[in-house]
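Presented below is the structure to which this report refers.
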Amino acid sequence: MSKMKNKIIFAIIAVMTLSTGAAQNGYSLEERYPHLKKNYTIAVHPFYLFNGGMRLDLEKRIKHTPAWVQIGLIGHMLSRETGYYNHWALISGDEVNYLLGGGLDLNYKRFLNKKESFYFAGGCSYSHYNIEHTGKSLRSYTEDGLKYYTYDYGNLKKKIDKLGLSAFIGYQSPRPTFLFDIFAGIGYRHSFRKDNDTESFNNSMVALGYKGTVFVAGIRFGVKLR
């Protein structure tokens with residue numbers, strides 16, 4: 001009889017232990033992944049440095065959901081060098097004597113798994129560039145009642161506005177504080193230039209004045225807060 005009691009007590013303890021463990025495992029998702037409690041992130045895109053720019057991302061969780069709002073603040077600045085013919089050569093292939101610009105990128109981002117590592121995102125962007133570059137410009141003049149055209153070679157100014165749409169998927173490391181993010185996708189860019197008779201800056205997908213379909217890819221480093 002005592003052996004039977006011991007078996008019953010042992011069985012009860014085992015069931016209680018398993019139940020407690022199961023309850024803890026189901027209840028402690030945020031304990032195993034502390035980043036699920038974070039509601040803000042700050043991150044930078046290092047690849048922007050190779051194209052004369054910088055980008056800072058600010059993200060906020062939408063209430064208590066796996067959805068986030070992402071705002072990207074973009075700046076471009078390359079100072080004038082001595083003389084007009086000392087170019088800055090960007091990774092896009094564009095050659096400029098001076099570049100000043102900025103932009104805004106707004107995305108909706110939603111994680112696809114419980115530990116919030118894989119996600120889908122999409123949104124829109126706007127950029128504006130003030131550019132100085134060396135090139136040819138068409139000039140007209142009148143002589144003896146006749147109109148002539150000639151090309152002048154020198155420093156030219158150009159303004160470009162660019163709108164964009166993007167959709168991409170990504171992986172974000174499920175760490176409590178450090179943020180590492182890698183992503184890839186597709187998008188479309190449409191640039192507006194006032195003076196189309198000079199350099200178009202439309203030679204590649206990362207060019208300042210590109211118009212057409214683009215592949216979106218990059219990495220981000222940052223921190224997760226609160």
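The values are calculated or read from the model by the stated rules, or taken from the named source; none is laboratory data. Everything quoted here is computed from the prediction, not taken from an experiment. Every residue, glycine as well, gets a Cβ built from its backbone with ideal geometry; the counts of neighbours run over all protein chains shown. Accessible surface is based on the protein model in full, side chains and every heavy atom, while ligands, DNA and RNA are left aside. Shrake-Rupley method; radii C 1.70, N 1.55, O 1.52, S 1.80 Å.
Annotations
- Where the stretch 100-226 is the region considered: accessible area per residue in Å², 1.4 Å probe: 57
- Our analysis of the stretch 133-218 gives Rg over Rh at 1.28, with the two radii drawn from alpha carbon positions and Rh computed by the Kirkwood formula.
- Proximal charge balance of LEU163 [Cβ under 15 Å; K/R count +1, D/E count -1]: +3
- Averaging 1/r over each pair of different alpha-carbon atoms in the stretch 180-226 and inverting the result gives 12.9 Å, the Kirkwood hydrodynamic radius.
- Check: the stretch 157-212 dipole with +1 on Lys, Arg Cβ and -1 on Asp, Glu Cβ, in debye: 160
- Spin-label model distance (nm) - LEU165 vs LYS60, 7 Å beyond Cα toward Cβ: 2.6
- Taking N as its residue count, the alpha carbon Rg of the stretch 36-123 over 2.2 N^0.38 Å: 1.45
- Simple label model, 7 Å out from Cα along Cβ direction - VAL223 to TYR153, nm: 5.2
- When SER173, SER79, SER204 are compared by accessible area at a 1.4 angstrom probe, the order from most to least is SER79, SER204, SER173.
- Full extension of the chain between LEU146 and ASN203 yields a length gain of 16.8 nm, computed as 0.36 nm times the residue separation minus the alpha carbon distance.
- Solvent-accessible area, 1.4 Å probe, carbon plus sulfur percent, for the stretch 62-216: 60
- Check: the stretch 113-226 dipole with +1 on Lys, Arg Cβ and -1 on Asp, Glu Cβ, in debye: 720
- Summed side-chain charge close to PHE221 - residues other than PHE221 whose Cβ falls under 11 Å, Lys, Arg +1, Asp, Glu -1: -1
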